[in-house]
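The values are calculated or read from the model by the stated rules, or taken from the named source; none is laboratory data. The structure presented is a predicted model; accordingly, all values stated were derived computationally and were not measured. A quick note on method: Cβ atoms are made from the backbone with ideal geometry, for glycine too, and the neighbour counts reach across all protein chains shown.
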Amino acid sequence: SYDELKKCSNNFSESNEIGSGGYGKVYRGMLSDGQVVAIKRAQQGSMQGGLEFKTEIELLSRVHHKNLVGLVGFCFEQGEQMLVYEFMANGTLRESLSGRSGIHLDWKRRLRIALGSARGLAYLHELANPPIIHRDVKSTNILLDENLTAKVADFGLSKLVSDSSKGHVSTQVKGTMGYLDPEYYMTQQLTEKSDVYSFGVVMLELITAKQPIEKGKYVVREVRTAMNRDDEEHYGLTEMMDPTIRNTVLLGFRRYLELALQCVEESATDRPTMSEVVKAIETLLQNDG
Ligand code: ADP
C-alpha cells in the first residue's frame, strides 16, 4: 500500500533516491518482509507516465524470467502511481561500462551479460504469449543485480504482438537514437527484429564501452569499416576495444563482432532471431572457456 511504500522508502527521502527517469524518480526501499526493492514513482500529473505505467504493469505481471527485472507490486492510491521492482544492486550496464560504478567487467563477464540479456529478449519474443517487442533495448535499460546477472528493464514502451498486428505500421516511432532500427524508423513496420538491432548495438557497446553515437561518430559504422579492412593483427579492431578489456578478450572476439554486425544489418530479414543470438553467444562462451 501507499503507506507501506512511503514508510519503507523513508518517506521518499533524498538519501533513498537511486535515480530518475523520464517519468519520475526511483527510490530504494525495504518491504516489511525484508526484501529490498526499487520504487518508481511517477511525477504528479504525468499522464503519459500513467499510460506507460499501465503498459508496464500489464506486461510485467504476465512475464517471468530470470533475465527480466521482476515487478514486485504496484500502487495506485491517493493520486500516486508507483511501481515496485526487485532491487538491482549494481545499477545499469551503462554505468558499469562508463566506469562510474567502480565495477570492472572483464570480457567473460560481458559475454555473460550479453547472454543473459539475449535470453530475456528471446523469452519476450518467443515464449511470452502473445509475444512482446520491447522497443527500447539499450544499456541504460539493462540492469545488473548483486551477482552481476543482467536483467532487461523498462517495459513502458513495449508492445504486444498479436497476429493481426504483426509487422504492423505504428503511427509513432518509439525508441532511442543510436539504438533505433533504421528500417523501422523508415518504414514504421515494427517487428521483433527491431529489438535485435538494438541488441546488436548493445553488443558493440559491451566491447567498445562507447555509446552508439559518440562525438558525432556512429560506432556501428566504425566497427563495420574496421571489420572490412581487418588484417592479421586485427589492427583497427583492437583500437576500438575498451582498453580495460583489451588483454582479456579471447579468440572469439571476431566471431562476436560478426554476430553483433549481423544483428545491426540494415535489412531486418538479414538479422538473426534472438534465440539464434542466444545460441551463438552460448557457443562463444564455451569456446572461450
Ligand atoms: P528511464 O525512464 O530513464 O529509463 P528509469 O525511470 O527506468 O529510467 O530508471 C532511472 C534510474 O533508476 C536507472 O537509471 C537506474 O539507475 C535506477 N533504477 C531503475 N530501476 C531500478 C531497479 N530495479 N533497481 C535499481 N535501480 C534501478
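Would you confirm, using the coordinates I've provided, whether T176 is buried (at least 16 other Cβ atoms within 10 Å of the Cβ) and at pLDDT below 95? The answer is yes for T176.
Within region 75-115, being within 15 Å of the ligand (Cβ to nearest atom) and not in a loop (DSSP other than H, G, I, E, B) holds for Q81, M82, L83, V84, Y85, E86, T92, L93, R94, E95, S96, L97. Among the residues making up region 179-231, those that are buried (at least 17 other Cβ atoms within 10 Å of the Cβ) and of a type in the set (D, E, K, R) are D181, E183, E192, K193, D195, E205, K210, E222. No other residue among A150, A209 is on the phi > 0 side of the Ramachandran plot, at pLDDT 90 or above and hydrophobic (A, V, I, L, M, F, W, C) apart from A209.
Matching residues to (1) small (G, A, S); (2) out of contact with any Pro (no Cβ under 7 Å at 6 or more places or on another chain); (3) without any contact (Cβ under 8 Å) to a residue 40 or more places away in the chain:
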position: D3; (1), (2), (3): no, yes, yes
position: K7; (1), (2), (3): no, yes, yes
position: S15; (1), (2), (3): yes, yes, yes
position: Y23; (1), (2), (3): no, yes, no
position: Y27; (1), (2), (3): no, yes, yes
position: K40; (1), (2), (3): no, yes, no
position: I57; (1), (2), (3): no, yes, yes
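Here V26 does not qualify as within 11 Å of the ligand (Cβ to nearest atom), touching a Cys at 6+ places or on another chain (Cβ under 8 Å) and either of a type in the set (A, V, I, L, M) or part of a loop (DSSP other than H, G, I, E, B) (or both). Out of I57, I103, one residue alone is farther than 30 Å from M241 by Cβ and aliphatic (A, V, I, L, M). It is I57. Could you say whether any residue in region 122-136 is within 9 Å of the ligand (Cβ to nearest atom) and at pLDDT 95 or above? No: region 122-136 contains no residue that is within 9 Å of the ligand (Cβ to nearest atom) and at pLDDT 95 or above.
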